[in-house]
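Colleague: Okay, handing you the structure first.
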Amino acid sequence: MPEENDNLIEIIDEDGTTIKCELYEIIEFEGKQYALLTEANSDEEDPEIVLMRYLEEGEDSYFETIDDDEEFERVSQYIENLEEEEAEEDLDDDVE
């Protein structure tokens, strides 16, 4: 089960390996919340982003894998569209 410590979260991948991730952002889509996580201590300039469902129950918060391929694709597409819109806004700001 994932654990949260400040912005560091430990998740266990499909192989059973524990990976320390940092919470990058939480996005709401279709009435649910999704967490974007990046691998902590990554030396990569553009680290891999992990997408998980984010749940809150009382004072506790949980991260769970998105097993539904269609849901994963819809959320991924939504995030890509947000990134494209932000990039266009940045270009518009640079022009002004």
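Colleague: Given 0.36 nm per residue, what is the gain on full extension from GLU64 to TYR78 after removing their alpha carbon distance, in nm?
Modeller: Extra length from GLU64 to TYR78 when fully extended: 3.2 nm.
Colleague: Report, please, the projected area of the chain averaged over directions, based on the convex hull of its C-alpha atoms, in nm².
Modeller: With every direction weighted equally, the projected area is 8.1 nm².
Colleague: Sticking with this structure for a sec: At a 1.4 Å probe, what is the % contribution of carbon and sulfur to the accessible area of the chain?
Modeller: 39
Colleague: Further, regarding this structure: Pick from GLU73, GLU64, GLU85: which residue has the top mean-square fluctuation in a GNM of the chain where Cα pairs under 10 Å get a spring?
Modeller: Maximum fluctuation in the GNM of the chain, among the listed residues, is at GLU85.
Colleague: Right, another one. Say we join alpha carbon atoms closer than 10 Å with springs in a Gaussian network model of the chain; which of ILE12, ILE49, ILE27 then has the biggest fluctuation?
Modeller: Its mean-square fluctuation being the largest, the pick is ILE12.
Colleague: Under a 10 Å cutoff between Cα atoms, tell me which one of LEU55, LEU36, LEU82 has the largest fluctuation in the Gaussian network model of the chain.
Modeller: Fluctuation is largest for LEU82.
Colleague: Whole number in Å², please: accessible area per residue of the chain, 1.4 Å probe, ligands, DNA and RNA not counted.
Modeller: Using a 1.4 Å probe on heavy atoms only, each residue of the chain averages 79 Å².
Colleague: When the helix-only estimate is applied to the chain (DSSP H runs of n ≥ 4, each -39,500 (n - 2.57), divided by the residue count), what is the mean residue ellipticity at 222 nm, nearest 500 deg cm²/dmol?
Modeller: About -10000 deg cm²/dmol.
Colleague: Given a 1.4 Å probe and heavy atoms of the protein chains only, how would you sort VAL50, VAL75, largest accessible area at the top?
Modeller: Descending accessible area places them as VAL50, VAL75.
The values are calculated or read from the model by the stated rules, or taken from the named source; none is laboratory data. Since we're looking at a predicted model, the values are computed, not measured. Each accessible area value is taken on the protein alone, full model and side chains, heavy atoms only, with ligands, DNA and RNA left out. Shrake-Rupley method; radii C 1.70, N 1.55, O 1.52, S 1.80 Å.
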